[in-house]
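S.K.: Just dropping this structure here.
No value in this document is a laboratory result; all are computed from the given coordinates. Because the structure is predicted, anything quoted here is derived from the model rather than measured. We place every Cβ from the backbone using ideal geometry, glycine too, and count neighbours over all the protein chains shown.
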Amino acid sequence: DTAVSQTPKYLVTQMGNDKSIKCEQNLGHDTMYWYKQDSKKFLKIMFSYNNKELIINETVPNRFSPKSPDKAHLNLHINSLELGDSAVYFCASSHRTITSSYNEQFFGPGTRLTVL
Amino acid sequence: DAKTTQPPSMDCAEGRAANLPCNHSTISGNEYVYWYRQIHSQGPQYIIHGLKNNETNEMASLIITEDRKSSTLILPHATLRDTAVYYCIVPPPGGTSYGKLTFGQGTILTVHP
C-alpha cells in the first residue's frame with residue numbers, strides 16, 4: 001500500500017496553462033506539505049496544512065494555490081505556468097504534536113513538472 | 001533555524017561503516033537533529049533523529065556530541081543501495097514553523113563495490 005501518493009508522476013505543459021497536482025496519504029496524518037526541488041536539487045518547503053488549515057506559506061507566488069478538501073488530501077493548483085516552475089514537486093505528511101519530539105515526514109514519489 | 005554544515009561528498013566501500021558528520025554549532029537546547037536521505041529520483045526518506053542521547057534504529061545510529069554542536073550518522077554496513085544524498089536538519093522547535101524542514105545541500109554518499 002502506498003503511504004503518500006501523487007498524481008501525475010510526470011507533467012509536461014505549455015507556459016500560461018493551469019495545472020493541478022494531487023496528493024493523498026493513507027497514514028492517518030493530520031499535517032501535509034508541499035516541497036519544490038529545482039534543477040539544482042535544492043529542496044524547499046512551499047506550504048504546510050494541518051487539519052485543512054494553512055500553517056506554513058513560504059512566500060510562494062499567488063499563482064500557487066494549495067487546496068485541502070480533507071485531512072488525507074492536499075492538492076496543488078498552479079495558474080499561468082512559467083518556465084521557472086519546472087521542478088520536481090514533493091508532497092509529504094506527518095503527525096503534528098505539541099512538541100517537536102517526533103516529526104517524521106513521509107514523502108511521496110514526486111511529480112516532475114516541465115513547462116515548455 | 002539552526003544552520004547545519006555537511007561535507008559535500010563522501011565515499012564508502014560496500015560492507016564498511018559510513019560515518020557522515022554534521023556541524024550544528026548554533027543549535028539550541030530544545031532543538032532536535034534529524035537525518036533524512038534522498039535516493040536518486042525518489043522522495044526524501046526519514047532515517048533517524050535525536051536530542052542529546054545517542055540513538056539507534058534498524059537503519060542507522062546517531063551519535064551526538066556532549067555539547068550538541070555536532071553529530072555523526074553511522075550506517076554500520078553500507079550497501080550500494082545506500083548511495084544517496086544525506087541531509088542533516090535541525091528544524092525549528094515549534095510554533096508556526098512547526099514541521100518546516102530546511103534541506104541544505106547535504107552530503108552525497110557514494111558506496112562503491
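S.K.: Using the crude model of +1 on Lys and Arg Cβ and -1 on Asp and Glu Cβ, and no other charge, please compute the dipole size for the protein assembly as shown relative to its Cα centre, in debye to 20. Intermediate values should be presented prior to the final figure.
M.R.: On the way: 21 positive and 20 negative charges, 78 e Å.
Rounded to the nearest 20 debye, it is 380 debye.
S.K.: Continuing with this model, one more query. Given N residues in segment B:39-80, what is its alpha carbon radius of gyration divided by 2.2 N^0.38 Å? Before the final figure, lay out each step's value.
M.R.: Numbers: Rg = 11.9 Å, N = 42, 2.2 N^0.38 = 9.1 Å.
That ratio works out to 1.31.
S.K.: I've got another one for you. Filter the cross-link list A:Lys71/B:Lys69; A:Lys40/A:Lys67; A:Lys40/B:Lys100; A:Lys22/B:Lys52; A:Lys19/B:Lys100; A:Lys9/B:Lys52 down to pairs whose alpha-carbon distance in this structure exceeds 32 Å.
M.R.: Values: A:Lys71/B:Lys69 37 Å; A:Lys40/A:Lys67 27 Å; A:Lys40/B:Lys100 20 Å; A:Lys22/B:Lys52 38 Å; A:Lys19/B:Lys100 25 Å; A:Lys9/B:Lys52 39 Å.
Violating the 32 Å limit, Cα to Cα: A:Lys71/B:Lys69; A:Lys22/B:Lys52; A:Lys9/B:Lys52.
S.K.: With no solvent and one point on each alpha carbon, what is the Debye value of log10 I(q)/I(0) for chain B at q = 0.16, 0.23 Å⁻¹?
M.R.: One equal scatterer on each Cα of chain B leads to -0.68, -1.34.
S.K.: Of all trypsin sites (Lys or Arg not before Pro) in segment A:55-91, which ones are in loop regions per DSSP and have a Cβ with at most 15 other Cβ atoms within 10 Å? Before the final figure, lay out each step's value.
M.R.: Details: sites: A:Arg63, A:Lys67, A:Lys71; in loops: A:Arg63, A:Lys71.
Passing both the DSSP loop test and the Cβ count: A:Arg63.
S.K.: Tell me which GluC sites (Glu not before Pro) from segment A:1-87 have a DSSP coil assignment and no more than 13 other beta carbons within 10 Å of their own.
M.R.: Numbers: sites: A:Glu24, A:Glu53, A:Glu58, A:Glu82; in loops: A:Glu58, A:Glu82.
Here the GluC sites (Glu not before Pro) that fit, given the DSSP loop and packing criteria, are A:Glu82.
S.K.: With +1 on the Cβ of every Lys and Arg and -1 on the Cβ of every Asp and Glu, and nothing else charged, how large is the dipole of segment A:52-97 about its Cα centre, in debye rounded to the nearest 20? Write down the numbers at each step before the final one.
M.R.: Values: 5 positive and 5 negative charges, 42 e Å.
The dipole of segment A:52-97 has a size of about 200 debye.
S.K.: Taking K and R as +1 and D and E as -1, what net charge do the other residues with C-beta under 13 Å from the C-beta of A:Gln14 add up to?
M.R.: On the way: positive: A:Lys19; negative: A:Asp18, A:Glu82, A:Asp85.
Residues close to A:Gln14 contribute a combined charge of -2.
S.K.: Percent of Cα-Cα pairs per 10 Å bin, from 0 to the last occupied bin, for chain A, please list those.
M.R.: Pair shares across the bins are 15, 49, 30, 6, 0.
S.K.: Towards the positive end of the charge dipole of chain A, with charges on Cβ (+1 Lys, Arg; -1 Asp, Glu), say which of A:Val88, A:Ser20, A:Trp34 has the farthest Cα.
M.R.: The one lying farthest along the dipole's positive direction is A:Val88.
S.K.: Okay, next question. GNM, chain A, Cα, under 10 Å: largest mean-square fluctuation among A:Thr59, A:Thr31, A:Thr13?
M.R.: Highest fluctuation of the listed residues: A:Thr59.
S.K.: Run the Debye formula on the Cα coordinates of segment A:49-109, all scatterers equal and no solvent, and tell me log10 I(q)/I(0) at q = 0.13, 0.18 1/Å.
M.R.: Debye output, listed in q order: -0.42, -0.78.
S.K.: While we're looking at this one, here's another question. Using only the Cα atoms of segment B:1-55, each taken as one equal point scatterer with no solvent, compute I(q) by the Debye sum, divide by I(0), and report log10 of the ratio at q = 0.16, 0.18 Å⁻¹.
M.R.: Relative scattering, expressed as log10 I(q)/I(0), comes to -0.64, -0.80.
S.K.: Taking the Cβ of B:His77 as the center, what net charge do the other residues with Cβ under 15 Å away carry, scoring Lys and Arg +1 and Asp and Glu -1?
M.R.: Numbers: positive: B:Arg16, B:Arg81; negative: B:Glu14, B:Glu58, B:Asp82.
Charge balance in the 15 Å sphere: -1.
S.K.: Pull the list of chain B cysteines that no other Cys approaches to under 4.7 Å, Cβ to Cβ.
M.R.: B:Cys12, each lacking another Cys Cβ under 4.7 Å.
S.K.: Using the Karplus equation 6.51 cos²θ - 1.76 cosθ + 1.60 (θ = phi - 60°), what ³J(HN,Hα) coupling, rounded to whole Hz, does each residue of segment B:15-23 give in order, writing x for Gly and Pro?
M.R.: Using θ = phi - 60°, the values come out as x, 8, 6, 9, 10, 10, x, 8, 9 Hz.
S.K.: Apply the Karplus curve 6.51 cos²θ - 1.76 cosθ + 1.60, θ = phi - 60°, to the phi angles in segment A:30-35 and return the couplings in whole Hz, x for Gly and Pro.
M.R.: Ordered by residue, 3J(HN,Hα) equals 10, 10, 10, 9, 10, 10 Hz.
S.K.: Still on this structure, please answer the following. Give me the Kirkwood hydrodynamic radius of the protein assembly as shown, using the inverse of the mean 1/r over all pairs of distinct Cα atoms, in Å to one decimal. Present the calculation step by step, with values, prior to reporting the outcome.
M.R.: Numbers: mean 1/r = 0.0548 Å⁻¹.
For the protein assembly as shown, inverting the mean 1/r across all distinct Cα pairs yields 18.2 Å.
S.K.: Compute the orientation-averaged projected area for segment B:42-108 from the convex hull of its Cα atoms and round it to one decimal in nm².
M.R.: Details: hull surface 21.8 nm².
Hull-based average projected area comes out at 5.4 nm².
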